[in-house]
Amino acid sequence: MLPSFFDSVVQLIIRTSTDLPPDVRAAMKTSLDAEPAGTRASQALTIIAQNIDLASNNEGAICQDTGMPTFEVRVPVGADQIWMRQQIREAVAEATRRGKLRPNSVDSITGENSGDNLGPGTPIIHFDQWERDDVEIKLILKGGGCENTNAQYALPVELPHLGRADRTLDGVKKCILHAAWAAQGKGCSPGALGVCVGGDRTSGYAHAKEQLFRALDDVNRDPRLAELEASIMSTVNDLDIGAMGFGGKVTLIGCKVGALNRLPASFFVSVAYDCWAFRRLGVTLDGSSGAIKTWLYRDPSHPIIPMLDQAGFVRTGREIALEAPLTGQQVRSLKVGDVVLLSGPMFTGRDAVHAHLMKHEPPVDLRGAVLYHCGPVVVKEGERWRITAAGPTTSIREEPYQGEIIKRCGVRAVIGKGGMGARTLAALKEHGGVYLNAIGGAAQFYAGAITSVDGVSLLEFGTPEAMWHLTVKDFPVIVTMDAHGNSLHKDIEQESGRHLEAIGI
Ligand code: SF4
């Protein structure tokens with residue numbers, strides 16, 4: 001057996017969760033430099049850059065959603081894959097115990113969280129053999145927000161704003177453009193696309209995800225696909241969707257396309273969307289000891305350069321400081337585009353809490369309250385809880401519930417990311433409420449704005465799904481849906497849709 005194998009896999013998981021690889025950092029730095037200072041996109045990217053630095057400095061999770069761990073392992077002929085699989089599973093449980101992975105494995109029937117990221121289908125481990133003596137392990141941690149924006153198309157298909165996508169490369173291009181447009185900011189843009197042309201429904205999605213293991217700055221060996229990748233990058237970055245869907249010049253940091261043969265009757269295009277928190281790394285291990293020989297995606301001769309030379313939120317002087325609980329008058333004075341620094345109490349709530357509130361009285365008084373769509377990473381230290389990562393989760397999942405909860409419980413502000421739909425917008429107008437967009441994935445940054453964890457309700461739902469009672473100080477958010485019926489998300493979606501129509505493929 002390989003005595004260092006377990007420790008090497010634990011190291012790989014921790015590094016992947018906490019330290020973005022250099023190609024992603026470089027792409028994010030280019031994105032930041034492209035946006036004019038003081039714009040919403042620039043403020044979002046500045047927070048993201050600080051978050052990247054904080055995560056690697058503190059060895060904390062870059063994003064609180066540490067995703068579905070997916071391992072691609074290549075082993076010498078004759079290696080004991082059963083033993084390695086067990087070691088990888090134990091390493092995942094150990095990284096979860098250390099708070100580097102959020103417990104993310106939930107029984108699909110009962111909703112019960114296994115607590116250690118182990119369960120049927122989790123983690124995902126694929127083995128392959130190769131004619132070498134060492135072992136290669138690659139890992140990607142892809143979160144739920146971006147996973148939910150994946151898309152698969154069966155050509156020919158009619159697409160909004162783009163017309164019919166035929167079984168041609170132009171048809172493929174239309175599908176990829178549609179997927180990027182439909183994602184808007186929900187997958188925490190700027191993001192990267194892995195695409196598979198062909199295959200069947202299952203192999204297409206798997207191959208699309210495999211493309212995300214390519215370095216962002218590589219060039220496709222197939223010149224037709226290289227041209228397609230370049231064309232998608234420039235077209236999507238002209239749609240003005242921008243970071244978090246706030247509008248801006250950079251919507252994509254990468255597009256990687258592969259192709260598989262298909263049945264004559266089928267023509268699928270599968271798109272895997274990954275967010276800016278593009279966490280994938282790899283190692284090669286010594287074939288006899290299991291010790292790490294090399295890190296993939298990293299050049300050890302190049303030290304990691306911090307993204308920024310400053311810390312803290314960069315103020316423009318136009319920010320509005322508010323203290324919760326909030327009054328109807330306070331939220332009605334806010335308009336789309338305002339930057340708010342929130343202080344005071346805040347309650348987390350995501351899927352399980354929303355389903356619960358539809359049938360039960362809230363466990364705390366929510367009148368005037370701020371409800372934060374967030375499933376944090378939490379560690380218990382003695383009798384106290386500490387939140388180590390606390391960015392927003394995708395809000396649109398709560399659309400069926402949110403309007404009723406706002407009106408019945410008296411919530412004045414909802415914080416999340418990606419925006420919400422028409423029913424919530426109507427409830428905000430009717431009741432006097434506001435939707436505040438936090439910067440998706442900025443888990444370390446927002447954890448730093450939490451001054452105390454004051455309690456917890458509904459802990460039986462598991463730590464990510466419980467309702468945490470927090471106090472925050474100067475928590476920066478942007479008003480993207482106001483009490484007057486305005487929605488930045490709706491505006492950007494419509495405007496970028498018009499850009500798509502003008503492309504004329
Ligand atoms: S950055 Fe956004 S999309 Fe990515 S894992 Fe985090 S919350 Fe999900």
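The values are calculated or read from the model by the stated rules, or taken from the named source; none is laboratory data. Just so it is clear, the model here is predicted, and its values are computed rather than measured. Positions of Cβ are backbone-derived with ideal geometry, glycine not excepted, and every protein chain shown enters the neighbour counts. Side chains are part of the model used for accessible areas, which takes the heavy atoms of the whole protein and leaves out ligands, DNA and RNA. Shrake-Rupley method; radii C 1.70, N 1.55, O 1.52, S 1.80 Å.
All but one of (1) open to solvent by 30 Å² or more (accessible area, probe 1.4 Å); (2) assigned to a loop (DSSP other than H, G, I, E, B) hold for K293, so report the exception by its number.
(2)
Which of the residues belonging to the stretch 473-487 are of a type outside the set (K, R), in contact with a strand residue (DSSP E or B) (Cβ under 7 Å, 6 or more places away or on another chain) and surrounded by fewer than 22 Cβ atoms within 10 Å (Cβ to Cβ)?
Across the stretch 473-487, the qualifying residues are D474, I478, S487.
It is to be established whether one or more residues within the stretch 307-328 are farther than 25 Å from F445 by Cα and either modelled with pLDDT under 95 or surrounded by fewer than 20 Cβ atoms within 10 Å (Cβ to Cβ) (or both). Lay out the reasoning, then the answer.
Keep residues of the stretch 307-328 that are farther than 25 Å from F445 by Cα, which gives 327-328.
Now drop any that are not either modelled with pLDDT under 95 or surrounded by fewer than 20 Cβ atoms within 10 Å (Cβ to Cβ) (or both), which leaves 327-328.
Scanning the stretch 307-328, I find at least one residue that is farther than 25 Å from F445 by Cα and either modelled with pLDDT under 95 or surrounded by fewer than 20 Cβ atoms within 10 Å (Cβ to Cβ) (or both), so the answer is yes.
Tell me which residues, restricted to the stretch 367-407, are out of contact with any Pro (no Cβ under 9 Å at 6 or more places or on another chain), away from the ligand (no atom under 16 Å from the Cβ) and in contact (Cβ under 8 Å) with a residue 40 or more places away in the chain.
Once the filter is applied, which keeps residues that are out of contact with any Pro (no Cβ under 9 Å at 6 or more places or on another chain), away from the ligand (no atom under 16 Å from the Cβ) and in contact (Cβ under 8 Å) with a residue 40 or more places away in the chain, the stretch 367-407 yields L371, V379, R384, W385, R386, Y401, Q402, E404.
Hey, any hits in the stretch 291-310 for a residue that's over 18 Å from F71 (Cβ atoms), touching a strand residue (DSSP E or B) at 6+ places or on another chain (Cβ under 9 Å) and free of Cβ contacts under 8 Å to residues at least 60 places away in the same chain?
Yes, there is a match, as at least one residue in the stretch 291-310 is over 18 Å from F71 (Cβ atoms), touching a strand residue (DSSP E or B) at 6+ places or on another chain (Cβ under 9 Å) and free of Cβ contacts under 8 Å to residues at least 60 places away in the same chain.
Could you tell me which residue of the stretch 426-457 is farthest from the ligand (Cβ to nearest atom), considering only residues that are of a type in the set (A, V, I, L, M) and open to solvent by 20 Å² or more (accessible area, probe 1.4 Å)?
Only one residue fits best here, namely A426.
For every residue, the table says whether it meets (1) in contact (Cβ under 8 Å) with a residue 40 or more places away in the chain; (2) among the acidic types (D, E); (3) closer than 28 Å to S189 by Cα; (4) in a strand (DSSP E or B).
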site: A427; (1), (2), (3), (4): no, no, yes, no
site: L436; (1), (2), (3), (4): yes, no, yes, yes
site: G441; (1), (2), (3), (4): yes, no, yes, no
site: F445; (1), (2), (3), (4): yes, no, yes, no
site: D454; (1), (2), (3), (4): yes, yes, no, yes
site: E460; (1), (2), (3), (4): no, yes, no, no
site: E465; (1), (2), (3), (4): yes, yes, yes, no
site: L470; (1), (2), (3), (4): yes, no, yes, yes
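Among the candidates S17, S8, single out the residue that is farther than 18 Å from G67 by Cβ, modelled with pLDDT of 95 or more and crowded, with 21+ Cβ neighbours inside 10 Å. First the steps, then the outcome.
Details: S17 fails: farther than 18 Å from G67 by Cβ.
Within the list S17, S8, the selection yields S8.
Among what's in the stretch 137-157 and is farther than 16 Å from L212 by Cβ and in a strand (DSSP E or B), pick the residue that is nearest to the ligand (Cβ to nearest atom).
For the stretch 137-157, the residue satisfying everything is Y153.
Restrict the check to the stretch 63-80 and report whether at least one residue is in a helix (DSSP H, G or I), more than 16 Å from the ligand (Cβ to nearest atom) and surrounded by fewer than 23 Cβ atoms within 10 Å (Cβ to Cβ). Before you say what the answer is, go through the steps one by one.
Taking the stretch 63-80 as the starting set, the residues that turn out to be in a helix (DSSP H, G or I) are none.
No, the stretch 63-80 has no match at all.
Yes or no, residue by residue, for (1) more than 23 Å from L32 (Cα to Cα); (2) away from the ligand (no atom under 16 Å from the Cβ):
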| residue | (1), (2) |
| --- | --- |
| C175 | yes, yes |
| Y205 | yes, yes |
| S234 | no, yes |
| N237 | no, yes |
| G242 | no, no |
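Filter the stretch 52-69 for residues that are at pLDDT below 95 and polar (S, T, N, Q); which is nearest to L118 (Cα to Cα)?
Q64
I need the full set of residues from the stretch 195-212 which are within 30 Å of S395 (Cβ to Cβ) and open to solvent by less than 20 Å² (accessible area, probe 1.4 Å), in order please.
Within the stretch 195-212, V195, C196, G204, A208, Q211, L212 meet the criteria.
Any chance the stretch 94-116 includes a residue that's open to solvent by 60 Å² or more (accessible area, probe 1.4 Å), in contact with a strand residue (DSSP E or B) (Cβ under 6 Å, 6 or more places away or on another chain) and part of a helix (DSSP H, G or I)?
No, every residue in the stretch 94-116 fails to be open to solvent by 60 Å² or more (accessible area, probe 1.4 Å), in contact with a strand residue (DSSP E or B) (Cβ under 6 Å, 6 or more places away or on another chain) and part of a helix (DSSP H, G or I).
Kindly list the number of the only condition in (1) surrounded by fewer than 14 Cβ atoms within 10 Å (Cβ to Cβ); (2) within 16 Å of the ligand (Cβ to nearest atom) that fails for R164.
Answer for R164: the failing condition is (2).
Of the conditions (1) more than 16 Å from the ligand (Cβ to nearest atom); (2) open to solvent by 10 Å² or more (accessible area, probe 1.4 Å); (3) among the aliphatic types (A, V, I, L, M), I253 satisfies every one except a single condition; which number is it?
Evaluating I253 over (1) more than 16 Å from the ligand (Cβ to nearest atom); (2) open to solvent by 10 Å² or more (accessible area, probe 1.4 Å); (3) among the aliphatic types (A, V, I, L, M) leaves (1) as the failure.
Tell me, please, whether a residue that is touching a Cys at 6+ places or on another chain (Cβ under 6 Å), within 20 Å of L500 (Cβ to Cβ) and either assigned to a loop (DSSP other than H, G, I, E, B) or open to solvent by 10 Å² or more (accessible area, probe 1.4 Å) (or both) can be found in the stretch 180-194.
yes
Show the residue pairs that are 6+ apart or on different chains and have beta-carbon atoms under 6 Å apart, the first residue being within the stretch 172-189 and more than 22 Å from K417 (Cα to Cα), the second being outside any helix (DSSP H, G or I) and of a type outside the set (V, I, T).
Here the result reads K174/L159; K174/L162; K174/A165; C175/Y153; C175/A165, each pair linking the stretch 172-189 to a residue that is outside any helix (DSSP H, G or I) and of a type outside the set (V, I, T).
Hey, D128 hits all of (1) surrounded by fewer than 20 Cβ atoms within 10 Å (Cβ to Cβ); (2) within 25 Å of the chain's Cα centre (by Cα); (3) under 20 Å from A206 (Cβ atoms); (4) not β-branched (V, I, T) but one; which does it fall short on?
Of everything listed in (1) surrounded by fewer than 20 Cβ atoms within 10 Å (Cβ to Cβ); (2) within 25 Å of the chain's Cα centre (by Cα); (3) under 20 Å from A206 (Cβ atoms); (4) not β-branched (V, I, T), D128 misses just condition (2).
Read through the list (1) under 26 Å from L216 (Cβ atoms); (2) touching a residue at least 60 places away in the same chain (Cβ under 8 Å); (3) of a type outside the set (D, E), then give the number of the only condition that L169 fails.
Single failed check for L169: (2).
Find the residue count for the stretch 213-250, including only residues that are open to solvent by 20 Å² or more (accessible area, probe 1.4 Å), among the small types (G, A, S) and not in a loop (DSSP other than H, G, I, E, B).
4
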